[in-house]
Amino acid sequence: MVPGTDPQIALAEEFGVRNYAPLPVVLSHGDGAWVTDVDGVRYLDALAGYSALNFGHRHPALTAAAHAQLDTLTLTARAFHNDRLPAFQRDLAALTGTEAVLPMNTGAEAVESAVKVARAWGYRVKGVRPGTARIVVAGGNFHGRTTTVVSFSDDPVARDDFGPFTPGFDRVPYGDADALAAALTDDTVAVLLEPVQGEAGVLVPPPGYLRAVRALTERRGVLLVCDEIQSGLGRAGATLCTDLSGVRADLYTLGKALGGGIVPVSAVVGRRDVLGVLRPGEHGSTFGGNPLAAAVGSAVCALLATGEYQARARELGAHLDARLRALPGLTAVRGVGLWSGVDVDPRIGTGRDVCVALARRGVLAKETHGVTVRLSPPLVVTHDEVDVLVDTFGAALGDLSRG
């Protein structure tokens with residue numbers, strides 16, 4: 001888009017793999033809700049790393065924790081204990097009101113871990129016949145891109161040419177409790193779903209859906225596993241999105257914001273009697289629970305323990321939602337907390353067209369599924385910056401309308 005950007009993009013094209021289709025922007029600095037490209041152009045970051053940057057770029061408390069830990073110990077084999085992991089596990093359990101914490105690195109790893117735990121629980125506790133465990137999932141889901149996870153996706157972009165797929169999953173429409181009830185069998189060990197579907201376009205389920213799912217799983221002796229990798233840790237206006245519905249899952253997968261935008265950190269948290277089915281040597285990760293990640297994770301827990309960021313997401317999210325709904329050229333606005341999915345009138349353009357127009361005007365966002373634009377600015381964004389975001393969105397729509 002600008003002179004200094006092109007050489008960087010050319011270098012990426014020469015040596016990289018095109019598994020992403022980024023906007024032609026090359027970023028080099030970040031501070032709070034703002035980023036700067038290699039030519040010194042500033043942008044308001046309205047994506048925040050798909051919620052990995054809930055606390056903005058280079059939050060001082062998080063960078064301080066990382067800097068301090070870099071001077072002592074960054075990695076040990078899990079053949080030994082380290083002095084940071086136990087405190088992180090305690091802090092995350094306290095924050096989420098859970099009993100046990102299994103640390104990993106990426107969100108997809110956390111989901112894979114939850115799948116393994118649910119199956120082991122099914123065989124060792126529920127008594128499901130060996131090799132028959134099944135997990136019910138929701139249509140439109142996004143839980144990562146590993147082979148097992150894409151096995152139960154219905155997105156052709158995620159699935160095509162990556163089979164054969166892992167068996168053992170039953171997919172039902174998202175938000176349909178009756179369909180989910182019909183899918184439960186004696187071999188079902190878990191229901192895995194997102195409280196709000198992010199990649200699908202910030203789809204919020206009907207009122208009462210999560211409570212109905214919780215009641216069904218309890219009645220049938222089935223685990224409820226909620227993927228809060230995007231929706232959790234403040235994004236939806238609560239520590240866990242399920243808190244908004246008064247629902248407690250048996251297991252949660254967490255990631256993205258848990259690493260503070262500094263290091264990859266994920267975890268499965270939940271009931272000790274469920275996570276406790278794992279035995280030494282059955283599951284692990286070289287970097288999972290490393291001291292650097294644990295130090296940053298504890299600092300993230302400390303930020304969230306005050307409740308400030310959850311409150312900011314609720315208050316600024318309500319303002320964002322109200323202002324977006326007043327814009328012409330949109331066919332739908334969905335959201336929870338500081339997280340919105342906006343559908344653009346296809347006569348104006350695609351979601352990609354809008355994101356390109358936004359970038360030209362200094363705001364970064366990301367499209368999904370054709371006409372939808374996702375907005376998830378850092379929770380450190382100000383009221384005035386939310387206004388900048390919406391004003392720029394309206395101007396970008398105007399640019400496209402005029403051709």
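The values are calculated or read from the model by the stated rules, or taken from the named source; none is laboratory data. Quick caveat, the model's predicted, so the values are computed rather than measured. Ideal geometry is used to build each Cβ from the backbone, glycine not excepted, and the neighbour counts take in all protein chains shown. Side chains are part of the model used for accessible areas, which takes the heavy atoms of the whole protein and leaves out ligands, DNA and RNA. Shrake-Rupley method; radii C 1.70, N 1.55, O 1.52, S 1.80 Å.
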Taking the condition of being crowded, with 23+ Cβ neighbours inside 10 Å and either assigned to a helix (DSSP H, G or I) or among the hydrophobic types (A, V, I, L, M, F, W, C) (or both), how many residues in segment 263-274 meet it? 4
Top-ranked residue in segment 125-166 [being open to solvent by 40 Å² or more (accessible area, probe 1.4 Å) and of a type in the set (A, V, I, L, M, F, W, C); ranked as nearest to the chain's Cα centre (by Cα)]: Phe142
Take residues that are aliphatic (A, V, I, L, M) and tell me which of the strands (runs of 3 or more DSSP E) falling wholly in segment 1-110 contain 3 or more. 100-104
Among the residues listed as Asp176, Asp186, the single one being open to solvent by 70 Å² or more (accessible area, probe 1.4 Å), acidic (Asp, Glu) and either under 24 Å from the mean Cα position of the chain (by Cα) or modelled with pLDDT of 95 or more (or both): Asp186
Determine, yes or no, whether Asp71 is more than 17 Å from Ala267 (Cβ to Cβ), touching a residue at least 24 places away in the same chain (Cβ under 8 Å), surrounded by fewer than 20 Cβ atoms within 10 Å (Cβ to Cβ) and over 21 Å from the mean Cα position of the chain (by Cα). no
So which pairs qualify, if the first residue must be in segment 286-308 and within 18 Å of Leu53 (Cβ to Cβ), the second must be part of a loop (DSSP other than H, G, I, E, B) and of a type in the set (Phe, Trp, Tyr), the Cβ gap must be under 8 Å, and the two must be at least 6 apart or on different chains? Ala293/Phe287; Val300/Phe55; Leu303/Phe55
Every pair of residues 6+ apart whose Cβ atoms lie under 6 Å, when the first sits in segment 110-137 and is touching a residue at least 12 places away in the same chain (Cβ under 8 Å) and of a type in the set (Lys, Arg) while the second is open to solvent by 10 Å² or more (accessible area, probe 1.4 Å) and assigned to a strand (DSSP E or B): Arg134/Asp170
Quick test for you: out of Ala66, Ala33, Ala48, Ala87, pick the one residue that is on the phi > 0 side of the Ramachandran plot and either within 20 Å of the chain's Cα centre (by Cα) or touching a residue at least 60 places away in the same chain (Cβ under 8 Å) (or both). Ala48
Being over 20 Å from the mean Cα position of the chain (by Cα) and part of a helix (DSSP H, G or I) narrows it down to one of Arg352, Arg314, Arg347, so name that one. Arg352
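Does Val371 satisfy being closer than 21 Å to Ala48 by Cβ and either out of contact with any helix residue (DSSP H, G or I) (no Cβ under 9 Å at 6 or more places or on another chain) or buried (at least 21 other Cβ atoms within 10 Å of the Cβ) (or both)? It would help to see each step written out before you state the result.
Numbers: closer than 21 Å to Ala48 by Cβ: no; either out of contact with any helix residue (DSSP H, G or I) (no Cβ under 9 Å at 6 or more places or on another chain) or buried (at least 21 other Cβ atoms within 10 Å of the Cβ) (or both): yes.
No.
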I'd like to know if segment 328-340 contains one or more residues that are among the charged types (D, E, K, R), in contact with a Ser or Thr (Cβ under 8 Å, 6 or more places away or on another chain), open to solvent by less than 40 Å² (accessible area, probe 1.4 Å) and not in a helix (DSSP H, G or I). no
Could you figure out which of (1) out of contact with any strand residue (DSSP E or B) (no Cβ under 8 Å at 6 or more places or on another chain); (2) of a type outside the set (Lys, Arg); (3) under 30 Å from Gly362 (Cα atoms); (4) open to solvent by less than 40 Å² (accessible area, probe 1.4 Å) isn't true of Ala65? (3)
First in segment 215-244 and closer than 16 Å to Ile135 by Cα and part of a loop (DSSP other than H, G, I, E, B), second anywhere and of a type outside the set (A, V, I, L, M, F, W, C) and modelled with pLDDT of 95 or more, Cβ under 8 Å, 6 or more apart: Gly221/Lys126; Val222/Thr188
Please verify whether Tyr43 is under 29 Å from Leu254 (Cα atoms) and open to solvent by 60 Å² or more (accessible area, probe 1.4 Å), treating the condition exactly as stated. no
Going through segment 288-308 one residue at a time, which ones are buried (at least 21 other Cβ atoms within 10 Å of the Cβ) and outside any helix (DSSP H, G or I)? Gly288, Gly289, Asn290
Given the criteria in contact (Cβ under 8 Å) with a residue 60 or more places away in the chain and open to solvent by 30 Å² or more (accessible area, probe 1.4 Å), does Val204 qualify? yes
